[in-house]
Structure formats: C-alpha cells, structure tokens
1. For segment 234-276, which positions are part of a helix (DSSP H, G or I), of a type in the set (Gly, Ala, Ser) and free of Cβ contacts under 8 Å to residues at least 60 places away in the same chain?
2. From the list 151, 156, 175, which one is touching a helix residue (DSSP H, G or I) at 6+ places or on another chain (Cβ under 8 Å) and surrounded by fewer than 18 Cβ atoms within 10 Å (Cβ to Cβ)?
3. Counting residues that are away from ligand 2 (no atom under 16 Å from the Cβ), which helices (runs of 4 or more DSSP H) fully inside segment 64-182 reach at least 1?
4. Quick one: which of 127, 97, 51, 116 is on the phi > 0 side of the Ramachandran plot and among the hydroxyl-bearing types (Ser, Thr, Tyr)?
5. Looking at (1) surrounded by 14 or more Cβ atoms within 10 Å (Cβ to Cβ); (2) more than 16 Å from ligand 2 (Cβ to nearest atom); (3) over 17 Å from the mean Cα position of the chain (by Cα), which is the one condition that is false for residue 9?
6. Would it be correct to say that residue 228 is assigned by TED's automatic domain parsing to the domain that holds residue 194, more than 27 Å from residue 38 (Cβ to Cβ) and not hydroxyl-bearing (Ser, Thr, Tyr)?
7. Please tell me if residue 168 is out of contact with any helix residue (DSSP H, G or I) (no Cβ under 7 Å at 6 or more places or on another chain) and surrounded by fewer than 19 Cβ atoms within 10 Å (Cβ to Cβ).
Amino acid sequence: MNIAVLSGKGGTGKTFVSCNLASAIEKSAYIDCDVEEPNGHLFFKPTDVCSQKVCVKIPQILADRCNHCRKCVDFCHFNALAFIKEEPMLFRGVCHSCGGCKIVCPNQAVVEKDYSIGEIRTGKHRSIIVKTGIMNIGEESGVPIIRELIKNLPCKNNIIDCPPGSACTVMESIKEADYCVIVAEPSIFGVHNFQMVYKLVKILKKPFGIVINKVNDLNNPMQELCEKLQLPVLEQIPFACEIAAQNAAGNLVYETNQKAKEIFERLYAKISEVVK
Ligand code: SF4
Ligand code: SF4
C-alpha cells in the first residue's frame, strides 16, 4: 500500500505524520519527496546510507556541425533555446530535457549530456527503509528526482512525504498513491490551505482522509468544514506540550510517547480498513 501524506503549506505537521505513520507499520519505507527541504531524515537518523545521483539529459550544440538553420530553436516550446548572434544558445534552467531539439536537428549537431540536479540517499532506521530526495541548490524543478523516487518504491507499505502545496511536484508524488492523508490545521488559515490540496486529490480521484493536527480547546473551523462536507476525519492530534517538545527535539514520538504511539497505530488501522 502506498500512502501519500499532503498538506496545503509547510508547518502543518506533514513530515511529523509521515515519519510516525511509517514507524507504526512493520516493514515500511519512508519516502521523502519534499526534495527542496527534506527533513524526515532528522527524525529517522538513518544508518548505512548510500547515495545515488539523479541526472537529467541536457542538449549540447556542436558548433562544427551546426549550419544555423534554427530548426531546434523553432521547435523548443519551452523557449529554452534562443538564436543569439546567429548561434543557438541554451538556457538550461528552462530546458525540460524532452530531447526534441536533438530529433529535429538535420545535422546531428545536438548531443545530450548528463547533468546532475540532485541525489537520492537511502538508509535504514530499525526495519524502516528511509529514502530521501535532495535537490541541488539553485535548480528549478525537483520533478525528475521525485519521479526517480516513486519509480522504485522499495516496500509493500510506502509512506510518501509530499512537498507542501499543490504544485506539479505534489501531483508527481501522489501518482502511485493508493490513499492520500491530508494534514490540516484547525484554523481558518488551515481551512484555506486544505482546500487547495482537497481539490487536487478530487481531480486525481484519489481516496483520502484528513488528519487535523495541533487541535486545542478553541474553535476548530477545519472540523466544522469536514462535518459540513461530510469528509472523513481520520484523527485529531492534540496540541500537547510533551508531543511538541519531543518532536522539536528530533524524536519519533511513536517511539517515545505512548499516547502518540496509539494515535499512529489507530491511524494506520483506519487507512488499512479503507485500502484492503
Ligand atoms: S531538450 Fe527539449 S526543452 Fe530542452 S532545449 Fe531541447 S527542445 Fe527545448
Ligand atoms: S537544428 Fe541543428 S543545425 Fe540547426 S541550428 Fe539547431 S543545432 Fe544548428
């Protein structure tokens, strides 16, 4: 079962839920697709880590073969090629590595070379496989790294920690998900952020449930919205000092807090009931 964990913004507790949910499942894998800011490894502190580079293909123009026909420039729908001083010039940051310019060049003047945009680190915490996608600083898109992570899901049960928001990186992260957990805060702002992700999972027709995190005794507009729309609330995690302190110290609360352990075991049991 592949469970994707999403949230409308950073700071809702998406990684907190992902890491502890993975801990509650025997023989699971935690997949950190939040490639711009991966931090699940801070909780797992994985050992036996090995690294694999992630590269994309980018075109290189061989000046001695180019007859300046412009076909590559006219073809590139991403405007990654421009004709400057009668020479085709590449703007690497907007190149989508589609390979089209190589195909249309009549003189085999375009070759492709590997360009590294990041890496995937794989390690272990107890029996949990921890995979972390890391995008190099300054790169424009983490999609190829996420694609590589999702292509090789290592376990029967994989918890996918998605990037925050609802951009194309999130769509890529939930492609293989059997179930989506949306983490939201019990505030008006939380409701607003939730709605973006809610629209996305509905468009992609993914089954989903909601975890409301940091619940206190004050108003809970998120719960009110779920009641109004009859949306499934899987768990309401209390805004408890001991859980917050242990999480802030980089501990997996599943391992250090009995109340949290019960919450995440219950959460997994509820998801398993839906995805049989
Ligand atoms: S590989 Fe595709 S996106 Fe990149 S420059 Fe060539 S045509 Fe444009
Ligand atoms: S299509 Fe080939 S020959 Fe024509 S401008 Fe581009 S690189 Fe040069």
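The values are calculated or read from the model by the stated rules, or taken from the named source; none is laboratory data. On a predicted model such as this, the values are computed, not experimentally measured, just so you know. Cβ placement follows ideal geometry from the backbone for every residue including glycine, while neighbour counts extend to all protein chains displayed.
1. Going through segment 234-276, the residues part of a helix (DSSP H, G or I) turn out to be 241-248, 253-256, 258-274.
So of that shortlist, the ones also of a type in the set (Gly, Ala, Ser) come out as 244-245, 248, 260, 269, 272.
Listed by number, the residues that qualify are 244, 245, 248, 269.
2. Just one listed residue meets the conditions, 175.
3. Numbers: elements: 71-75, 100-104, 143-151, 168-173.
Correct list: 143-151, 168-173.
4. The match here is 97.
5. (3)
6. Spelling it out, residue 228 is indeed assigned by TED's automatic domain parsing to the domain that holds residue 194, more than 27 Å from residue 38 (Cβ to Cβ) and not hydroxyl-bearing (Ser, Thr, Tyr).
7. On the way: out of contact with any helix residue (DSSP H, G or I) (no Cβ under 7 Å at 6 or more places or on another chain): no; surrounded by fewer than 19 Cβ atoms within 10 Å (Cβ to Cβ): yes.
Against the criterion (out of contact with any helix residue (DSSP H, G or I) (no Cβ under 7 Å at 6 or more places or on another chain) and surrounded by fewer than 19 Cβ atoms within 10 Å (Cβ to Cβ)), residue 168 does not qualify.
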